[in-house]
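Take a look at this one; I'll ask things after.
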Amino acid sequence: MGSSAQFLNPSAAAQRLGVSAKALRLYEQRGLVVPSRSPAGWRAYGPDEMARAAEVVALRGLGFSLAQVARVLGDDPRGLEPALAAHQATLEERIRQLSGAAEKVRGLRAGLVQGKSPTVKELVGVLGPASEFSVSFDLPWPWGGERFELNDVRPLNYIIGPLGSGKTRLAKRLAETLPNAVFLGLDRLEHGCATALAQRDADPALKSRVDQTLAWLVEDGATASDVLVALLVGLEFDSAAIVVVDTVEQGLDQAAQQALIAYLRRRGLGGRPLFLLTRSSAILDLAAVSAEEAIILCPANHSPPTRVAPYPGAPGYEAVATCLASPEVRARTEGVIAWRPQVA
């Protein structure tokens, strides 16, 4: 190794690249970036490793799977066309949104000329497209009927809370109240996922969409399984529906969870909103949450659900972090219910 000042530890390297440390470790596991080692054996990223990592991050930004990134880095163009087509669609959606934002600014300027000052809400609305979706309802038990409002629904929404916090009831009420929404429950896994598999096989168009998505996930490191297929059937069944998914990570290993959330982020812009109940740190990586995502916390004390910003020190952040666990820990504790002895 050269001067230590030229080398970064994984945390600093990830911060400079704009990705999470988990993502950087995943690139290493797939052989895309090989960090140097310090004399003490610690990972270190020098100029060459950072340059390669930046290429990987840029290619991931184009929507490429990890396998596609590896092929591109190896001068193999296979599979580029559909990935580039998907990225083109994303760019066109951004152009549409930017055009809308420019029109908003034009209207505000015209109002100023006429002596009309814009409201704070109008100014904030310039920063991004207003969501087509909002929802308001009285909270079910275990709450006390308080009014719950969710405005500016993001493309990707996480619902999280400790056991017994009411998050599943909140999710079901969201599915009942939002327009054209469906609740994808854990019954998708019953009888070896037979219902979902039969549904896929009976609909050629659905099967084509599921197979295409599954192929991308497998290239990104997931292992094909009936559990994953059942989830994809629910997600792909109605392209216009808002989908609320109960425990999205159920039955999926870490590699499948990482591939799945990368795919859902890739398709998020301009797509219909998704609500994911989760307690997995592979699904909800707090260091990777973007402006297109939102975290909804159901507190343990049954105070009304609230949005939580993904920053240390933000109200509710520590409660969210406490609810999350790695897939390995979640697998070991699946089905375990906390028990407190009765006091005589």
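The values are calculated or read from the model by the stated rules, or taken from the named source; none is laboratory data. As the structure is a computational prediction, the values presented were derived from the model and not from experiment. Backbone-built Cβ (ideal geometry, glycine too); neighbour counts: all protein chains shown. What goes into the accessible areas is simple: the full protein's heavy atoms, side chains included, and nothing from ligands, DNA or RNA. Shrake-Rupley method; radii C 1.70, N 1.55, O 1.52, S 1.80 Å.
Hey, among 173, 200, which residue is assigned to a helix (DSSP H, G or I) and open to solvent by less than 60 Å² (accessible area, probe 1.4 Å)?
So the residue among 173, 200 that is assigned to a helix (DSSP H, G or I) and open to solvent by less than 60 Å² (accessible area, probe 1.4 Å) is 200.
If I ask for residues that are in contact with a Gly (Cβ under 9 Å, 6 or more places away or on another chain) and not in a helix (DSSP H, G or I), which ones from segment 4-60 would you list? Break it down into steps so the answer makes sense when it comes.
Filtering segment 4-60 down to residues in contact with a Gly (Cβ under 9 Å, 6 or more places away or on another chain) leaves 6-8, 26, 29-30, 35-36, 46-47, 57.
Answer for segment 4-60, where residues must be in contact with a Gly (Cβ under 9 Å, 6 or more places away or on another chain) and not in a helix (DSSP H, G or I): 7, 8, 30, 35, 36, 46.
Which residue, of 310, 341, 315, is over 28 Å from residue 267 (Cα atoms) and either assigned to a helix (DSSP H, G or I) or at pLDDT 85 or above (or both)? Quick ask: steps written out before the conclusion?
On the way: 310 fails: over 28 Å from residue 267 (Cα atoms); 341 fails: either assigned to a helix (DSSP H, G or I) or at pLDDT 85 or above (or both).
Result: 315 is the single residue among 310, 341, 315 that is over 28 Å from residue 267 (Cα atoms) and either assigned to a helix (DSSP H, G or I) or at pLDDT 85 or above (or both).
Follow-up. Within segment 170-221, track down each residue that is aliphatic (A, V, I, L, M) and more than 30 Å from residue 140 (Cα to Cα). Explain how you work it out, then say what you get.
Going through segment 170-221, the residues aliphatic (A, V, I, L, M) turn out to be 170-171, 174-175, 178, 181-182, 184, 186, 189, 194, 196-198, 202, 205-206, 210, 214-215, 217-218.
Hits for segment 170-221 are 194, 197, 198, 202, 205, 206, 210, 214, 215, 217, 218.
Can I ask one more? Identify the single condition in (1) under 18 Å from residue 160 (Cα atoms); (2) surrounded by 17 or more Cβ atoms within 10 Å (Cβ to Cβ); (3) of a type in the set (A, V, I, L, M) that residue 329 does not satisfy, given that it satisfies every other one.
Among (1) under 18 Å from residue 160 (Cα atoms); (2) surrounded by 17 or more Cβ atoms within 10 Å (Cβ to Cβ); (3) of a type in the set (A, V, I, L, M), residue 329 violates only (2).
Being in contact with a helix residue (DSSP H, G or I) (Cβ under 8 Å, 6 or more places away or on another chain), farther than 19 Å from residue 288 by Cβ and part of a helix (DSSP H, G or I): is that true of residue 67 here? Before the answer, list the steps.
On the way: in contact with a helix residue (DSSP H, G or I) (Cβ under 8 Å, 6 or more places away or on another chain): yes; farther than 19 Å from residue 288 by Cβ: yes; part of a helix (DSSP H, G or I): yes.
Spelling it out, residue 67 is indeed in contact with a helix residue (DSSP H, G or I) (Cβ under 8 Å, 6 or more places away or on another chain), farther than 19 Å from residue 288 by Cβ and part of a helix (DSSP H, G or I).
Given the conditions (1) in contact (Cβ under 8 Å) with a residue 60 or more places away in the chain; (2) more than 25 Å from residue 219 (Cα to Cα), which single one is not true for residue 67?
(2)
Follow-up question, since we're still on this one. Going by what's in this entry, would residue 287 be described as within 26 Å of residue 137 (Cα to Cα) and open to solvent by 40 Å² or more (accessible area, probe 1.4 Å)?
no
How many of the residues making up segment 218-232 are closer than 12 Å to residue 257 by Cα, open to solvent by 10 Å² or more (accessible area, probe 1.4 Å) and in a helix (DSSP H, G or I)?
Qualifying residue count for the region: 2.
Looking at 111, 128, 107, 100, which one is under 28 Å from the mean Cα position of the chain (by Cα), assigned to a helix (DSSP H, G or I) and either of a type in the set (Gly, Ala, Ser) or at pLDDT 80 or above (or both)?
On the way: 111 fails: under 28 Å from the mean Cα position of the chain (by Cα); 128 fails: assigned to a helix (DSSP H, G or I); 107 fails: under 28 Å from the mean Cα position of the chain (by Cα).
Going through 111, 128, 107, 100 in turn, just one is under 28 Å from the mean Cα position of the chain (by Cα), assigned to a helix (DSSP H, G or I) and either of a type in the set (Gly, Ala, Ser) or at pLDDT 80 or above (or both): 100.
Taking segment 178-189 on its own, how many of its residues are modelled with pLDDT of 95 or more and not aromatic (Phe, Trp, Tyr)?
Our first condition is that a residue be modelled with pLDDT of 95 or more; within segment 178-189, this holds for 183-189.
Keeping just the survivors that are not aromatic (Phe, Trp, Tyr) gives 184-189.
Residues flagged as modelled with pLDDT of 95 or more and not aromatic (Phe, Trp, Tyr) within segment 178-189 amount to 6.
Pick out the one residue from 163, 206, 214 that is touching a residue at least 12 places away in the same chain (Cβ under 8 Å), surrounded by fewer than 13 Cβ atoms within 10 Å (Cβ to Cβ) and within 25 Å of the chain's Cα centre (by Cα).
Just one listed residue meets the conditions, 163.
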